[in-house]
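Report on the structure given below.
The values are calculated or read from the model by the stated rules, or taken from the named source; none is laboratory data. The model shown is predicted, which means the values in this text are computed figures rather than measured ones. In this analysis, Cβ positions are derived from the backbone assuming ideal geometry, glycine residues included, and neighbour counts consider all displayed protein chains. Ligands, DNA and RNA are excluded from the accessible area calculation, which covers all protein heavy atoms including side chains. Shrake-Rupley method; radii C 1.70, N 1.55, O 1.52, S 1.80 Å.
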Amino acid sequence: MTTKIAFRIQGVPLGWALTDLSSAVAELCDRDEAEHVSIIGTLTKAAEHNVRSQVAVVQFTPKLPSFLKRVLDDETGEMTEHKQLQDGSVLVFDRNFWGLTPLYCPDGELSVDIIAVTGLDGNAYGSWASRKVNAIWLRDFLPKDLPKCRVLTFGYNTKLSLDSNYRFDHFCDELLNALKRSRASDEASSRPLVLLGHSYGTRLITRCICQCKLSDDPSFTAILEWTRVVVFFGAVHRGMKTDDIEEYLKSNFPESIARLRMVEDLRAGNAAALSNLQDFVNLTSGFLVISVHETRKAKTLVNTSVDSNTESATTQPKRDIWRRIGKLYTPVEETSAVIGLPSDSEIAIPSNSDHSNIAKFDSPTDPVYQEILYHLKAIQEKPSPTPSYLASLLQVGAVPATDKRAFHPTGLYRQRVIQIDEDLGVPNNQMEFPQTPSLLRIATSILEEVRSTAKFDAGDIELLDQTDAATRTARRFLTLLSAGRYASPEKQHQSRRIVASVLQIRQSLIGIIDLLDPITHGIDYPLTHGPDSEHIYVQLRHVKLPLTMRHVLADIQQSMNAANNELERTLHDVEVSSPQLQTTLATPKLGEAATRMASSWSRYIPSSQDNVKWIPSDCLYFPVGSENEADRESEGWIQSVLRLFTKSEAKKLKLRPRRFGVVDYNDRQEKVMVEFRPYPDSARANPETAGGGDSSTASTEYKARRWAIERLARTLLANSSASDNAKFPCVPLRYLADMSASSTPSFALVYSANGIYALDEIMQDHYAPHLTERIRLALSYAQALASLHTVDMVHGSFNTENLYLHFAHRPTGPESISDAETLLAGFEVTRNFGWSSDKLDVEDPDRRLYLHPKRLVAGQDKERQQPVFDLFGLGMVLTELGLWKRLRSLPGYPVWGKDHDRQLFGRSKRKVFKGETSSESLGDFYANIIAYCLEKGPDPLVSKEESREPVDDEFLSAQKSLRIVKLLQECARRMLDGVQPSMNERIHSGMTLVE
């Protein structure tokens, strides 16, 4: 017959099997009992990383060795037995199971650590072992269902029958240090962690998790970061009924003040416990909580000693005998056992057990066990961190297969968006925020809003800049992650490190949103005040960040920087299929570049280089009659335009996206290129406002749109100047104007036209340059677009008419193109990633050729602008560059056809490029790049088996533009063979990857 009492044997030599241990135990027994003693159980490597031995958990059959009788009879559990073997090894026998005890640890790769913490007066083995069958589910059920898990129990000295001075803090320190030792290796420290707690053990877990948050020790920080699931059995979060236990202690251990105080702390209303619970709740967005609560009542402890109150009874040294045979009651109510988190963060499971048996399962078919197993399997079976999975971790409202929680402030943010729209009077059919916005998008948007609409002192500005830079640096690393295969089966711990860093970034983004969202409410949006005001954008509020907020924001910024640094270190350690990661990560002064990038778009920095100047619309003149735009380089053109353009002629002009003309302002005349940004009639401004005067009386929709165009103008000014903030090449912006009096009210973006020619003009007027020049132009425009995406902007209208060349002298032929500078314009529908898109229809059928199919829908059903939509336009532009003809000028172009027919025609022309890529042919590779842009083919350098998953989040999908730059660089390299050295040098000049 097997004894049901389980013993732990520590110090078992490595390499031993159970048969070896059984033989060693037999040698320790008396000769007459040796043949009657054998063991059954498990033998597992010690939990601690630096301990070179095994631990056995065994039961003896058919009888217990006599040398263990003292250990068995010891009620306190303190007794241990040490036996030295002939080889010098020392076996340590006990049944208290204090500290960590491994129950299961397979050879090979491990996917999760599961650690079970027992409760008050509990045994780290018996608390989880069935009373009906000889089984403990942690060892006998769980490993069969989760074969790659490591299972350990944690016990500590809370025996009520043993008087000691141990306190709650001591137990917490023991648990934390034990976790640290068991996860000391690099591989173990980045392994997902599941914590199970019963009764008093649940309070230990909540306290330890809070201490990990406060600790500077990276080992404790890793514990918090890698905790994925916390399972509570009969949790005493808000206390339990302890009257019977207190009476037991007072009766049998009247001098045991420490033990009594420990039990008294479990009463309801413990202020320290409630405060710790609140701290724990603030951390639960990083893991799932499962709360199992009892539904069956238990019996109270009752003193069963005969006549225990008589004088004779009290004089006896024997202690009173107490048994659970009293009245039925519920020790821990559901209101205490269940925290009350949202259903996507906490799963409450009722158990048909009492408080003592709630953590015991008699069969793997137990419904509570199956429910817990369902959620633990998500951890065990988690896939490698693919780009789409990483993106899902940063998606508001998204519930990844391995992460059953959603970000709680989703509803709050959507309500905030609705409120902002209402405050600005923006109709729902004009602006729209996404239904599932990215955390990166929200955090960047809020930082941008805070920093561009309020005045701060220098210290606050620096902190906000650094925080914004940290978010943009994080986005950049996340973009790079989706660019290559960075995890392999041999390096799963590196994959887990990547996921941990992304989760840390997620927590930081949530912190930014929670912290800064409240101070954005009620911010006055930028307006221009005063008719004589030359450079006032907004009636800015003076805001000073509270000291506490500064400290919290500084901590968040440091946490995100730490995650960024960890990502950078990990990416350097990981083998990738493409050299892109190594090349890009070598960029120096990443933080400084990100800070400059942040400042160039978000915060208004007064300077002489980025003054937004509004001019009256009647300062603009356009060629009419005998004059035309193509003659703008001819002598006397400016004077002729000024003479012929009259009010009557102005009324005949129809709105076009672009016009070349003349501006006459402050006694200065110059050639300009003007782009128009229409707005609805409902937002039409009065004449005083349109002329740059006081807009305080204008409609709220007009204010919002005027602010948006000024905000865009500041960015264009910063990037058309020679400042360090310039991140993408654009045509120099000169003025803004409001054409409110025209039949279609519009804002006008007025650019300098000196030496500026549109690409469509050059294609029409000049012979085709050499193929190497065309690939240089293709690469330059792709780099410009990637640069635009790098600063979180979507162009929205990428076509040949919005791409420009700047010539120092008037172009005379195709050879002049080699000296031209490539520039972008056509920003009339450009937006920042964090902001919405106008949904006005593009009416010109030839321009609709370049629009992504999802933007062709009429009315308000079209999708908001995204980076991949720009790349669709780039695909059409690449086709035209390769052919050196506008698609609409080719034979067979369906002038009167539908949008689908024109786009089908444009896509089909990529097939003209065939064969090997060389100096005389763009070849199949160029055609495949175009197909990749048009979403009609995979990455040309990636096989179908290795094809990258699509990434929906626009912050990460912008990576595709960088990838296209790399592909065009490769196309250029393939053309270098046999090319003249001078041409070779020009191609190389355009092959520096946009960082």
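Taking label positions 7 Å along the Cα-Cβ direction at both Glu970 and Lys4, the computed distance is 6.8 nm, reported to one decimal.
Given a Förster radius of 35 Å and the C-beta distance between Ile349 and Lys148 as r, what FRET efficiency does 1/(1 + (r/R0)^6) yield to the nearest 0.05? It comes to 0.90. Rolling a 1.4 angstrom probe over region 24-172 with all protein chains present gives an accessible area of which 46% lies on carbon and sulfur atoms.
Taking a point 7 angstrom from the Cα of Asn157 along the C-beta vector, which residues in region 171-195 have backbone N less than 20 Å away? The answer is 171-179.
Remark: spin-label model distance Asp217-Arg52 equals 2.5 nm, labels positioned 7 Å along the Cα→Cβ axis. Normalised per residue, the accessible area of region 136-226 is 34 Å², obtained with a 1.4 Å probe and no contribution from ligands, DNA or RNA. Annotation: peptides 198-204, 805-811, 895-901, ranked by per-residue average of other Cβ atoms within 10 Å with the highest first, follow the order 198-204, 805-811, 895-901. Restricting the calculation to Cα atoms, every distinct pair contributes to the Kirkwood radius of region 11-57, found to be 11.4 Å. With a simple spin-label model that places each label point 7 Å from the Cα along the Cα-to-Cβ direction, the separation between His82 and Asp320 comes to 4.0 nm.
Among the listed pairs Lys148/Lys360; Lys241/Lys299; Lys854/Lys914; Lys180/Lys213; Lys4/Lys132; Lys132/Lys377, give every one whose C-alpha distance is greater than 18 Å.
Numbers: Lys148/Lys360 22 Å; Lys241/Lys299 12 Å; Lys854/Lys914 29 Å; Lys180/Lys213 14 Å; Lys4/Lys132 11 Å; Lys132/Lys377 26 Å.
The answer is Lys148/Lys360; Lys854/Lys914; Lys132/Lys377.
Taking 0.36 nm per residue of separation and subtracting the current Cα-Cα distance, fully stretching the chain between Ala34 and Asn282 would add 83.6 nm. Given R0 = 35 Å, the distance between the Cβ atoms of Glu843 and Asn666 translates into a calculated FRET efficiency of 0.50. Three principal axis extents of region 113-205 based on alpha-carbon atoms, in descending order, are 40, 39, 16 Å. One Cα centroid belongs to region 739-769, the other to region 14-38; the line between them spans 93 Å.
Kirkwood radius and radius of gyration were both taken over the C-alpha atoms of region 702-818, and their ratio Rg/Rh is 1.00.
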